[in-house]
Amino acid sequence: MRKTTISMILALSALSSNANADALGLYIGGGVWDHDPSGSFGTVNGDQMNMESDLKYSGEKDSYVYAAFEHFVPLVPNVRIERATMGHTGTATATFNFDNNPIAMGPSAINIDNTDATLYWRLLDNWVNFDLGFTARKLDADFSVGDEMVAVSETIPMLYVAAQFDLPLTGLSVGADINTISYSDATYNDVRIRALYEMGVIGFELGLKTTNLELKGLDRVNADLEFKGMMVGAFLHF
């Protein structure tokens, strides 16, 4: 595994030496994600509860912020740090077994916080940009029903892929990025499709984000969740 990882990093670095950014670049941005939930969660010792029909979760708005640093040094990866929060609240409509405890109708909530540290190489850098790298995601999530709560706190490695297509002389571009991982205890996918507009150092983005999270007994949690909705944000590019 270690030899394979080292070989992959060296291959990416060699490719990136022919596709480096033209200059130093710093991005600082953030925005709001308006998302709707679907799916269910529960515990290993308990029932699965549907977020919409059983817990009455509905659409929520949450924030994200990020900073990215790009450079022209061969072999050395670019860096992106991102922080995103997500939460939903509702009320259980029946009695459920949650973590081996019967919970009669009561408040329910989930809170999911992600902190990403991404290292990536730019393999194409012209009117088409293509990035490939790795993300270390710190996942902190808690699931509660009534007075009972279970929490997940894990650092998850993910594959990062991004592409962007610039429309010459317009300041407009379209792109997408993916963070993904699948292993025995979890499947986690983040997909964003965005349109961007830059005017000087100021930029704006509008897009669609979908998050799928499946936990299979990780920290006693069973979950199959999807969150999907529009996102809007702004950024500075120096």
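List of remarks:
- Cβ-defined net charge surrounding Val32, 9 Å radius [Lys, Arg +1; Asp, Glu -1]: -1
- Taking the number of Cβ atoms within 10 Å of each Cβ as an exposure proxy, the fewest-first ranking of Trp127, Trp33 is Trp127, Trp33.
- Virtual spin-label span in nm between Ala104 and Ala67, 7 Å along Cα→Cβ: 5.2
- Dividing the summed helix terms, -39500 (n - 2.57) for each DSSP H run of n ≥ 4, by the number of residues in the chain produces a 222 nm estimate of -2000 deg cm²/dmol to the nearest 500.
- Overall Cα dimensions of the range 2-237, principal axis frame, Å, largest first: 61, 43, 19
- The chain, relative contact order [Cα under 8 Å, separation at least 6], %: 20
- Net +/- balance of residues flanking Phe143 in space, Cβ distance below 11 Å, scoring K and R +1, D and E -1: -3
- For the range 2-237, the number of Lys pairs separated by eight or more positions or lying on different chains, with C-alpha atoms closer than 18 Å, is 5.
- Ascending count of other beta-carbon atoms within 10 Å, so fewest first, for Phe130, Phe143: Phe130, Phe143
- In degrees, nearest ten, helix 2-16 long axis to first principal axis of the chain (Cα): 40
None of the figures in this text is laboratory data; all of them are computed from the coordinates on show. These figures come from a predicted structure and were not determined experimentally. No Cβ is skipped: glycine too gets one built from the backbone with ideal geometry, and neighbour counts run over all protein chains shown.
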